[in-house]
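Contents: one structure, followed by commentary.
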Amino acid sequence: DFFLVNQYGKCQALFKLLQVPELHLLQRKSSLELTAPHIAAQINASQSSSNRHISTSTVQRRLHESGHRGQIAAKKPLQKVTNNKKRLAWAKKHKQWTLDWWKSVLWSDESKFESFGSNCCVFVRRRVGEWMISGCVVPTVKHGGGGVMGWGCFAGDTVSDLFRIQGTLNQHDYHSILQQYTIPSGLHLVGLSFVIQQDNDPTHLQTV
């Protein structure tokens, strides 16, 4: 857990930094989602009524001083144990590859590009009462405004042209991409000895 506990007679430099003589800050990995009010509540609940209670603002200041600032958590695909084992096995199998061998790999994938706005969070700095002025809002439209799905690939430091995917990509469409775009791109970017590298999306379970 990420929590604050009482400690007496410890490092005076740390006490001076925290400006709370009986406070010692500890970090544990399992509860990084705790907010400053939650931490303050845990501290105050663990102290006797005769002890000085800690305010939320004090916790916030001490967290900032120690380099712990609130951030939006990064997102990454959920990995199962079996997938992690496969990835490790793949990495071990190719760890002896030279740079020239890696340049022969054709990396390909699909990506969606938003036609209007973005799915990411936008931060602004504003004063009280400015939350609805034009510079502090992000316009939105119904159903997200749509987007464009595209396919592309690269090898070494060279990229291919983008191919627009119409509708939902299925195995039949992906097979057409392999024949019409992937193979010509590989021959153009690498040569006859190129290797296609793709992810494990179900639509990629096709052979040329």
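Bear in mind these aren't lab numbers, they're just calculated from the coordinates by the rules spelled out. In this text, all values refer to a predicted model and were calculated from it rather than measured experimentally. Note that each Cβ is placed from the backbone with ideal geometry, even for glycine, and that neighbours are counted across all protein chains shown.
How much length is gained if the chain between GLN179 and THR98 is pulled fully straight, taking 0.36 nm per residue apart and subtracting their Cα-Cα distance, in nm to one decimal?
That works out to 26.3 nm of additional length.
How much length, in nm to one decimal, is gained on full extension between ALA89 and VAL148, taken as 0.36 nm per residue of separation minus their Cα-Cα distance?
17.8 nm
Compute the FRET efficiency between SER193 and LEU162 as 1/(1 + (r/R0)^6), taking r as their Cβ-Cβ distance and R0 = 30 Å, and round to the nearest 0.05.
The pair SER193/LEU162 has a calculated efficiency of 0.75.
If the chain between GLN47 and SER115 were fully stretched, how many nm would it gain, using 0.36 nm times the residue separation less the Cα-Cα distance?
Going from the current span to full extension adds 19.0 nm.
Please give the charge dipole size of segment 72-208, origin at the Cα centre, charges +1 on K and R Cβ atoms and -1 on D and E Cβ atoms. Round to the nearest 20 debye.
800 debye
With a sphere of radius 11 Å drawn around the Cβ of GLY135, what net charge do the other residues whose Cβ falls strictly inside it have (Lys, Arg +1; Asp, Glu -1)?
It works out to a net charge of +1.
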